[in-house]
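Below is one structure, written out as structure tokens, with a few remarks after it.
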Amino acid sequence: MPIRNDRARWGTVSQLLHWLIALMVFAQIALALIFKQLRPGPELFALIGAHKSLGLAILVVVVIRLIWRWFNPVPDLPTTLKPYERFLARFTHGALYFLLIAMPVTGWLGSAALGFPIRWFNLFQVPNPIAKNVALGHALFFTHSILAFALGAVLILHIAAALRHHWVLKDDTLRRMLPGFVPKS
Ligand code: HEM
Ligand code: HEM
């Protein structure tokens, strides 16, 4: 399977990065849903610490994915799509990239503004990019929560669209994001 993308399919690197990010984001949302149920205590702080570390790791992998995308051809959307479907596909992918950057950035800045240090998976201290400002910290976490709802909605749309391509439209959109796909002709 080619390492790079071509006009008909995603290459190995893009596929690996897509499914790695998907796994990390599902784990990230699961962590948040679990720690929202907990009362203050060591368990809550451990899970929030893991959420912060994983969130920053997601930021790094998403930036790598965007750089790789910049240097590779992007597969064409199926020619059978109606104009509104092309618009929806582009809008959803753009929104996903925006949210995958905005969520970790608001989390990181919010944490710094509230004066909480981040130790990345207990390995090293992450620099706080801004000075303490509690009001700003609360505003950033309010934004983080709103963006979390938007991410949930866009992900439902994204996954529903992928399954619709596969099961209803019966085109190659999902297959070309999976290993072993050989384009026709
Ligand atoms: C947290 C989970 C996920 C995230 C953040 C995510 C993100 C993305 C992004 C940003 C793209 C755009 C690729 C680009 O244009 O560079 C994409 C493409 C794609 N995703 Fe996901 N995705 C997730 C889960 C899934 C799942 C569960 C499926 C399958 C059921 C899926 C199927 C696809 C497919 C088939 C494409 C390629 C679309 C095309 O070829 O035009 N994704 N994904
Ligand atoms: C892609 C990355 C991220 C995703 C998808 C994500 C997702 C979420 C979700 C779903 C919540 C629960 C929202 C709510 O119901 O209020 C949350 C809360 C939180 N996140 Fe993130 N997050 C990400 C990155 C980060 C980062 C990088 C940090 C800090 C460095 C962070 C810190 C927090 C904190 C402290 C909370 C609790 C806020 C509160 O309860 O007011 N997150 N996150």
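Numerical summary
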item: Sparse-neighbour loop sites [trypsin sites (Lys or Arg not before Pro); region 89-179; at most 16 other C-beta within 10 Å; DSSP]; result: LYS132, LYS170
item: Mean ellipticity per residue at 222 nm, deg cm²/dmol - from DSSP H runs of n ≥ 4 across the chain, formula -39500 (n - 2.57); result: -23000 deg cm²/dmol
item: Kirkwood-based shape ratio for region 103-185, expressed as Rg/Rh from alpha carbons; result: 1.26
item: Principal-axis tilt of helix 12-35 within the chain, Cα atoms, nearest 10 degrees; result: 40 degrees
item: Carbon and sulfur %, accessible surface of the chain computed with the full protein complex present, 1.4 Å; result: 75 percent
item: Region 12-177 - percent relative contact order, Cα under 8 Å, separation 6 or more; result: 20 percent
item: √(5λ) per eigenvalue of the Cα gyration tensor, region 1-134, largest first, Å; result: 34, 16, 15
item: Heavy-atom accessible area per residue - the chain, 1.4 Å, Å²; result: 62 Å²
item: Calculated P(r) tail over 18 Å for region 84-125, as whole % of Cα pairs; result: 49 percent
item: Length released on extending from HIS166 to ALA153, taking residue separation times 0.36 nm less the Cα-Cα span; result: 2.6 nm
item: Residue of PRO83, PRO117, PRO104 that the Gaussian network model of the chain assigns the largest fluctuation, springs spanning Cα pairs under 10 Å; result: PRO83
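The values are calculated or read from the model by the stated rules, or taken from the named source; none is laboratory data. The shown structure was predicted, so the numbers you read here are calculated from the model rather than taken from an experiment. All Cβ positions, glycine included, derive from the backbone under ideal geometry; neighbour counts span all protein chains shown. Quick note on the areas: whole protein, heavy atoms, side chains included, nothing else; ligands and nucleic acids left out. Shrake-Rupley method; radii C 1.70, N 1.55, O 1.52, S 1.80 Å.
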